[in-house]
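Notes follow once the structure below has been shown.
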Amino acid sequence: MARILKHLSSPLLRPLKPFNYGSVTQLCQISSSCRSLKSGRFNEPLSGMECARAGGIATMYRLPFQEDPKGLDVCFVGIPLDIGTSNRSGARLGPRQIRMESVLVRNISTIGAAPYESLQVADIGDININLYDLKKTVQMIKEAYVKIFAVNCTPLTLGGDHTLTYPILQAVKEKYGQIGLVHVDAHNDCEDIMLGEKIAHGTPFRRSLEEGIIDPKKMVQIGLRGSEYSANCHQWQKDLGVKVVVVEECWHKSLVPLMDEVRTMIGPDIPVYISFDIDSLDPSVAPGTGTPELGGLTSIQAMEILRGCKGLNIIGGDMVEVCPAYDPLGTTALIAANLLFEMLCVLPGVKYHKILP
């Protein structure tokens, strides 16, 4: 027992001080035997060559946990929210499952992107939300992200239902003003009211456009599909100037040319946010989501979209609507973890290695 108590006095296993934003909590420290940082300027994920993939602390990509975003270029943060959903619940467990599956993602992408050699990255835990009060939760999320942006950190968010994007974008506006948006989704999420409510997972971009957060002429929606309640369901945002790409325009083709158009349309200077709903993918690829729709994008097209964002001035992004209860093999969360890595790899300042033929 004395030996156990001595081990528990290790700094790595002492209880962490709560993140003093009042809205982000620490991750549990579940193991210290495999936790280490390599020497050098930047954090690196724990390598599967040094520690079994099933070991270590369950942070995003087994990166170091940090109590707050100060000193980071990029932070991963979870929002375990699903009280804004209209169909299947369970996305509150998305961040946990994405982190667990992220252990399979390594340090350098197949095209040579090496984010951990050029950016300081860590996992800062989850937003402490109120699952009994959506409006209060939205305010808590906004306050947390205002503080993240205040220290010039780029957040990549694990969701959680799509309601969470609205308060994040409100915080973005306080830091950057009006922004551009790359929105990948099966649904336009531009509904005005859902069940009498202005805030829900189907309304974030309606609210954001109404509040002038997004420049509609610098916004694209890709992959929209599914049966609708109106024949002209996308007309509202089209009339504002939003570029709408329905899924039929994506079938049986590469999306590289589309993303060339998107980069030209948005330009390299305006701050850009990426919001990626996992239900944009076909449910045969990603079944673990709350509102699946047939005929969706492939995982290859998803990678083309995200890689096509390289060169944009990206200031944040999210991966939402992962619902583990409908993901029996973990493939949806695994895809989400890989796509978040693709998102990380196209952030400004990421180093690229030359891939030899």
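Residue-by-condition table, conditions (1) surrounded by fewer than 24 Cβ atoms within 10 Å (Cβ to Cβ); (2) under 23 Å from GLU143 (Cα atoms):
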{"residue": "GLY160", "(1), (2)": "no, yes"}
{"residue": "THR163", "(1), (2)": "no, yes"}
{"residue": "PRO167", "(1), (2)": "no, yes"}
{"residue": "GLN170", "(1), (2)": "yes, yes"}
{"residue": "TYR176", "(1), (2)": "yes, yes"}
{"residue": "VAL184", "(1), (2)": "no, no"}
{"residue": "ILE193", "(1), (2)": "yes, no"}
{"residue": "LYS198", "(1), (2)": "yes, yes"}
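For region 80-111, the set of residues classified as among the charged types (D, E, K, R) and either crowded, with 23+ Cβ neighbours inside 10 Å or more than 22 Å from GLU342 (Cα to Cα) (or both) consists of ASP82, ARG88, ARG92, ARG99, listed by residue number.
For residues in region 112-135 being charged (D, E, K, R) and in contact (Cβ under 8 Å) with a residue 60 or more places away in the chain, which is surrounded by the fewest Cβ atoms within 10 Å (Cβ to Cβ)? If we take residues in region 112-135 being charged (D, E, K, R) and in contact (Cβ under 8 Å) with a residue 60 or more places away in the chain, then LYS135 is surrounded by the fewest Cβ atoms within 10 Å (Cβ to Cβ). Can you find, within region 133-156, the residue that is nearest to the chain's Cα centre (by Cα) among those that are polar (S, T, N, Q) and under 18 Å from GLY316 (Cα atoms)? Ranking the candidates gives THR154 first. For first residues located in region 198-226 and basic (Lys, Arg), partners that are assigned to a strand (DSSP E or B) and lie 6+ apart or on another chain with Cβ distances below 8 Å form the pairs LYS218/ILE179; LYS218/GLY180; LYS218/LEU181; LYS218/VAL272; ARG225/VAL246. Tallying residues that are under 24 Å from VAL256 (Cβ atoms) and in contact with a strand residue (DSSP E or B) (Cβ under 8 Å, 6 or more places away or on another chain) within region 317-357 yields 17.
Here's the yes/no breakdown for (1) among the hydrophobic types (A, V, I, L, M, F, W, C); (2) within 23 Å of GLN97 (Cα to Cα):
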residue: LEU255; (1), (2): yes, no
residue: MET259; (1), (2): yes, no
residue: ARG263; (1), (2): no, no
residue: ASP269; (1), (2): no, no
residue: VAL285; (1), (2): yes, yes
residue: THR289; (1), (2): no, yes
residue: GLY296; (1), (2): no, yes
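For PHE341, work out the one condition from (1) in contact with a Phe, Trp or Tyr (Cβ under 6 Å, 6 or more places away or on another chain); (2) part of a helix (DSSP H, G or I) it doesn't fulfil. Here PHE341 meets the rest and fails (1).
For region 63-73, the criterion of a residue being aromatic (Phe, Trp, Tyr) and touching a helix residue (DSSP H, G or I) at 6+ places or on another chain (Cβ under 6 Å) is satisfied by no position.
For region 309-336, give me each residue that is outside any loop (DSSP other than H, G, I, E, B) and of a type in the set (Asp, Glu). Within region 309-336, just ASP318 meets the criteria.
None of the figures in this text is laboratory data; all of them are computed from the coordinates on show. Bear in mind the structure is a predicted one, so any value in this text is a computation, not a measurement. As a convention, Cβ positions derive from the backbone with ideal geometry for all residues, glycine included, and neighbour counts pool all protein chains shown.
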